[in-house]
Amino acid sequence: MTRETAAPRTLADELRGRPDAALAELLRARPDLLSPVPGDVTQLATRAATRASVVRSLERLDRFALQTAQALAVAPDPCAREELAALLPGGEEALPDALAVLRVRALVWGPDTQLRLVRTAREVLAPSAAAPSPTGLGPSLAEAAAGMSPGRLQEILAHAGLPTTHDPVSALAALTGLFADADRLAALLGQAPAGAREVLGKLVWGPPLGTLGGGTTPTDGGTADGAATAPVRWLLDRGLLLPAGQGSGGRTVVLPREVALHLRGGRAHRELEPVPPQVGVARSHEVRTVDTTAAGQAFTALATVEELLAGWERLPPPVLRAGGLGVRDLKRTALALDLPEPAAAFWVELAYAAGLVASDGEADERYAPTPVADRWRDLPPQERWARLVAAWLPATRVPGLVGGRDAKGRALAALGPGLDRSLAPEVRRRVLELLAELPQGGAPLPDDVLARLRWERPSRGPEELRARLCAAASQEAELLGLTGRGALAGYARGLLAPHAADHTAHDGTGDAATADTGTAHAATAARASDAWADAADAAAARLAPLLPEPLDHVLLQADLTAVAPGPLERPLADALAVLADVESKGGATVYRFTPASVRRALDAGRSAADLHAFLAAHSRTPVPQPLTYLVDDVARRHGRLRVGAASAYVRCDDDALLAEIMADRRSAALGLRLLAPTVLAATAEPGRLLETLREMGHAPAAESADGDVLIARAGAHRTPPRTPPEPVPEGPPPPGPTLLAAAVRAVRAGDLAATAPHRAPGGASPTGEPPRTTSADTLATMQSAVLTGTAVWIGYVNADGAASQRVIAPVRVEGGFVTAYDHTADEVRTFALHRVTGVAELAED
């Protein structure tokens, strides 16, 4: 074979021969190889063969691609494609695609006649006596017999009917040849005594290990004292079973791989899964029914988050010392929202992910709404929904874990540490994509969705976690209004567009040769998040016509209630929330007016006249007389008592009322003392004094040091500006086209510098590093390269002291600088000559 057509000898040779598009595809499929950008192809191949990178890549294979890799791990190295197909009967049609996936990821290389699994992948997947393969196969005969005495090997040859040899190597070769010959091995097994086949049958599909004696043997081939029975002894004498390890005392045996494959009929797997399981339709609904149901749930989601924000405005819950929301505060929140605690934890986490709530950072740290929450509540309903969905899709925090425990036994709290799972966004996306593949209005079978996820990523994360994430994704999508009655809403289908190409539509930034790769990955992740937000906005535009129009009126009733027959406009809803208490929610919201709620409105600065005008303007029914009396009665008593800071004092023009308070036993704990006919001093704090007087049936008002009434405005407590929490992915996000192109150019340029023949000034012999040259030689070589238009190879140290190798084509040399086209960066740059450590001309091939 010529040099051009010869098979590559190493993975680096294979990668070096790939086109730029194929290298870019490798880096896109395995973004961890870009941290930092490899200096050349050899470094890229070395990094691609590291254990951590190989394991990460194997975790992202689908079931059949992984089964193909497992089959290669137990096949000869190298393996022809026909041999591999024989190990995977029934998967011939899917085999080309599986091999293509493995080649793209650089897990398999070489032509079809010499397929090679990367050695690290073989070590991870190949069976051994200590770690059987996922295929259920054990070690090969040579591996299982390693360390066996030469005499024992000769005994096995004799019992197997083979001539003895003079050394262990030839003995193993003869025995391997016997086991590799199907006809001869079948003839040997045909001589087995009764029971031997049953012994092998219990090990053939794995696990391939068995224990002799004690009644615990998978083979039932031992006695109480550990001695092998006749069938097992016959198998051991012929090498069809071998002792497993030197420390087993002969009690543990292993079935050699060659024997197991013969008994399996050449199958590497008991059950082959070349095609993904189909997701069936459990039930179908009218498209309009699905959309209207989902839209109604979307509106309910907005109301739930608004109620959460309002509740935490009035009573901000404290932050635990270890971080997060306490169990009691979560229960209190769930009770206020009229939801189970897991559902309340979801809404709390979603508001946190959207940047609507955060810690205030004070000494007595509490959770409270952020300034973003105020701007969010002023948006139209569909835009508020879009912000929630854009925060949910890429979030790595998993609310379903709240209440559980971490690996160290510590409780997991809402908003606390330990809830991030990098698998969560991927599962959410795939669940939505699988729903989108069904006919519109079709709801899937939950077990089918989980089975499909298991096939697509069988090694990705613990099985229990994947099942929980799958169930949570379906439930949360329903709560958010992305699905209705289990089917994907029509307006939500556009949400999947940003991930159609694994975020590859979003560019990374920076020069791949010198840029901070972490910064580029961060920029890529930020742009991907922006793409989710754009898609959510587009879905919101389609959702808008399905949302109910907000109302500007309520229906007042004689029993001191008001009925809102639909969603209310924001100013009306806010004002009514202060003036009345919510009694029930549903299709219509019922508000109840009480003395406490009216007093709350008066405390907020509204007068009795303002309240009467407000009720008359926004009621479609006449204002009931009992409600008018209630407002007037509370307003008449409101502010007659004044509480200020002394520690605290009570001021009132009615000295009889003060005497009544002094005589009341409930005021004993306040430490009241009459200072003047119209003033009481108290040892209690003003807040406690106000609360106690209200409990006694009075309507006091707080006042300032100047004697003015203090107005308690709703929503006064806000955190400083806060940045929403960033998702915590397991690895770098898929790079964009710009970063990929720059990285490939850098790898090619570094490879050119590392492999191209060159000569140093003075005829020095070629080396693997740029030569050290004097300043005079460097200048002369640069000037010569300018005249001849040739490229040179330089060593260069930048201003930060980082050394690199570059291939440049000098254009101009002047003033101690050389202007050149940098092949590494694919742009014209200026280099300081005093920072060039050495230069070599690139020799012609």
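Bear in mind these aren't lab numbers, they're just calculated from the coordinates by the rules spelled out. Values in this document were obtained by computation on a predicted structure and should not be read as measured data. Note: ideal-geometry Cβ built from the backbone for every residue, glycine included; neighbour counts use all protein chains shown.
Brief remarks on what is shown
- With contributions of -39500 (n - 2.57) from each DSSP H run of at least four residues, the per-residue ellipticity at 222 nm computed over the chain stands at -13000 deg cm²/dmol.
- When the square roots of the Cα gyration tensor eigenvalues are ordered a ≥ b ≥ c, the ratio a/c for the stretch 642-702 is under 1.5, which makes its shape rounded.
- The chain: angle of helix 775-788 to the longest principal axis, Cα-based, in degrees nearest 10: 80
- Added length on full extension, which subtracts the Cα-Cα distance from 0.36 nm per residue, Leu445 to Arg270: 60.3 nm
- Restriction of the trypsin sites (Lys or Arg not before Pro) in the stretch 645-751 to DSSP coil positions whose beta-carbon has at most 13 other beta-carbons within 10 angstrom yields Arg713.
- Database remark: amide H of Gly326 closer than 5 angstrom to the amide H of Leu320 (H placed geometrically; neighbours at sequence offset of 5 or more, or on other chains; Pro and chain starts carry no H).
- For the chain, the average shadow cast by the Cα convex hull is 54.9 nm², which is a quarter of the hull's surface.
- For the stretch 526-597 versus the stretch 1-77, the gap between their alpha-carbon centres in whole angstrom: 56
- Given charges at Cβ of Lys, Arg, Asp, Glu: the chain dipole, positive-most of Thr678, Pro425, Val327: Val327
- Distant-in-sequence amide contacts of Arg366, defined by a placed amide H-H separation under 5 Å and a gap of 5 or more residues or a different chain, comprise Val319, Asp360, Gly361.
- Couplings 3J(HN,Hα) of the stretch 60-74, computed from phi: 9, 8, 6, 4, 6, 4, 5, 5, 5, 5, 5, 5, 5, 5, 9 Hz, in residue order, whole Hz [Karplus 6.51 cos²θ - 1.76 cosθ + 1.60, θ = phi - 60°; x for Gly and Pro].
- Applying 0.36 nm per residue to the separation of Thr594 and Ser35 and subtracting their alpha-carbon distance, the gain on full extension is 194.9 nm.
- Note on the stretch 555-627: Rg/Rh from Cα positions, Kirkwood definition for Rh, rounded to two decimals, is 0.92.
- Shown in residue order for the stretch 399-411 are the 3J(HN,Hα) couplings computed by the Karplus curve 6.51 cos²θ - 1.76 cosθ + 1.60 at θ = phi - 60°: x, x, 7, 4, x, x, 9, 7, 5, 9, x, 7, 5 Hz (x for Gly and Pro).
- Measuring r between the beta carbons of Ala182 and Arg829 and using R0 = 45 Å, the FRET efficiency lands at 0.10.
- Lysines with Cα under 20 Å of Lys331, excluding same-chain neighbours fewer than 8 positions away: Lys585
- Sequentially through the stretch 801-814, phi angles give Karplus couplings (6.51, -1.76, 1.60; θ = phi - 60°) of x, 8, 8, 8, 10, 9, 10, 10, 10, x, 10, 8, 10, 6 Hz, Gly and Pro residues having no value and appearing as x.
- In range of the label at Gln114: residues from the stretch 53-82 whose backbone nitrogen is under 19 Å from the point 7 Å along Cα→Cβ: 72-73, 75-82
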